[in-house]
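Comments concern the structure below.
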Amino acid sequence: MKKKKIFGTKQVITALLLAALGGAVWLNMQFGAASGGFVTANSSNKNLGDTKYVGTVSDTPAMETAATTDYFKTAAAERKAAREEALNLLEETIESLDSDKEAKSAASEKMAVIAERMEKEAAIETLIKAKGFEKVIAIIGDKDVTVIVSAEALLPSQTLQIQDAVTSQTEISLQNIKIVSKK
């Protein structure tokens, strides 16, 4: 006759995991925010591992900021101009008497796709700006999304935040999301 074990391997592992979870919660409470509560993402504006650029007196951060701002303004203006040109061509196709029904239908569908992409890009940019990035440009392609943010370097947590913003607005898979940091 076999003797029944009160504590099997599964029960021991479960107990150890619960103890580890309890320890993590206790440590979080002990070393938590100044208010004595849990540490949350909004507890502090500083991230562990953040670095601060220390330059020489001859460095001109104002010029770097202006160049970055100019880049984002230029890119946004170029994107807008290209979209307006494409929309004008599609409108001409729709309004043309020489165009057949299929061409007009295709042009109308393409205009709807462009409008949808514009809305999604704006939503992605707004979400990413809400996460603390000042300058953002999102470009949605047929099968990919490129996000350009103003940052020296991105932390893994920031990359995940950007990916989350993109996946919440599109059905693009993670491997088709390109994130570029622009200094």
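All of the numbers you see were taken from the coordinates with simple rules; none came from a lab. Just so it is clear, the model here is predicted, and its values are computed rather than measured. Cβ atoms come from the backbone with ideal geometry, glycine included; neighbour counts cover every protein chain shown.
Some notes on this structure:
- Checking the stated criteria, Ala103 turns out to be hydrophobic (A, V, I, L, M, F, W, C) and surrounded by fewer than 15 Cβ atoms within 10 Å (Cβ to Cβ).
- The requirement of being over 14 Å from Arg117 (Cα atoms), out of contact with any Gly (no Cβ under 9 Å at 6 or more places or on another chain), without any contact (Cβ under 8 Å) to a residue 12 or more places away in the chain and assigned to a helix (DSSP H, G or I) is not satisfied by Gln163.
- Top-ranked residue in the stretch 123-165 [being within 9 Å of the chain's Cα centre (by Cα) and polar (S, T, N, Q); ranked as farthest from Val180 (Cα to Cα)]: Gln161
- Scanning the stretch 85-100 for residues that are exposed (fewer than 11 other Cβ atoms within 10 Å of the Cβ) and in a helix (DSSP H, G or I) turns up Glu85, Asn88, Glu95.
- Subset of the stretch 150-160 (residues that are in contact (Cβ under 8 Å) with a residue 24 or more places away in the chain and of a type in the set (A, V, I, L, M, F, W, C)): Ala151, Ala153, Leu154, Leu155
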